[in-house]
């Protein structure tokens, strides 16, 4: 996504409770959050 010019607020990081999150700004200026919760994929 970075190579496509997305402006990241922060890249993927693992929070203390185990969820992985990343946030970026869409081309329209909207804050988008991506997350992965491992306990939902067991």
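Over the chain, what is the relative contact order in percent, taking alpha-carbon pairs closer than 8 angstrom and at least six residues apart? Walk me through the numbers before you get to the answer.
Details: 59 pairs, mean separation 12.7, N = 42.
Contact order relative to length: 30 percent.
Specify which labelled value, from [x] 31, 10, 9; [y] 23, 10, 9; [z] 28, 8, 4, agrees with semi-axes √(5λ) of the Cα gyration tensor in Å derived from the coordinates of the model shown.
Computed from the coordinates, semi-axes √(5λ) of the Cα gyration tensor in Å corresponds to [y].
Using alpha carbon centroids, what distance separates the range 1-16 and the range 18-42, in Å?
Cα centres, the range 1-16 to the range 18-42: 9 Å.
Every read-out reported here was derived from the displayed coordinates using simple, explicitly stated rules and does not represent laboratory data. What you are looking at is a predicted structure, and each value in this text was computed from that prediction instead of being measured.
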